[in-house]
Amino acid sequence: MKTAGKIVSLRKAVALRSALKKAGKRVVFTNGCFDLLHAGHVYSLEKARSLGDFLFLGLNSDASVKRLKGPSRPLNGAADRAIVLAALAAVDAVVVFKEDTPQNLIKALRPDILVKGADYRNAAVAGAEFAGRVALVPLLKGRSTTALARKLKC
């Protein structure tokens, strides 16, 4: 599938989820800002994808990133971030969401597995009650967008 075809609306994502469920496929969901893609992101996305048959990635909108990370972010707009993420083999579909958390998106998709970084605790994972289970994946030490952004300002 071409990269642009992997960027889908909520409506299309819900229809796709329904078809995957009927086909008996295990659906995984993860989310984030993914402002500057780095090795830690790729590692966590590949880990998430390895847990199932299909990976939905919820991507924070520009306004959401700004509210969460501050006025100087995002460094890359949502359209660009979505294209880069959709180009990754581990990612099957990207859905941009406007809220600060993906709870409503998770509620709509009802994934079998919800994946977050190990810096989260199960109880603190937004939307956990709408997923079959939560999986926490280890983070790669020293890899973060914030650290990269600091280096760029040198």
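Just so you know, all these numbers are worked out from the coordinates, no wet-lab data involved. Keep in mind the model is a prediction, meaning the values are calculated, not measured. Here the Cβ positions follow ideal geometry from the backbone for every residue, glycine too, while neighbour counts run over all protein chains shown.
Just to confirm my numbers, what's the Cα centroid distance between region 98-120 and region 1-65 in Å?
Their Cα centres are 10 Å away from one another.
Could you grab the relative contact order for the chain? Cα pairs under 8 Å, six or more apart, rounded to a whole percent.
Dividing the mean separation by the residue count of the chain yields 28 percent.
At R0 = 22 Å, how high is the FRET efficiency between Ala124 and Ala87 if r is their beta carbon distance? Nearest 0.05 is fine.
0.15
So what is the 222 nm mean residue ellipticity for the chain from helices alone, if each DSSP H run of at least 4 adds -39500 (n - 2.57) and you divide by all residues, rounding to the nearest 500 deg cm²/dmol?
The helix-only estimate for the chain comes to -10500 deg cm²/dmol at 222 nm.
Return the single residue from Arg26, Arg81, Arg11 with maximal mean-square fluctuation; model: Gaussian network over the chain, springs between Cα atoms under 10 Å.
Its mean-square fluctuation being the largest, the pick is Arg11.
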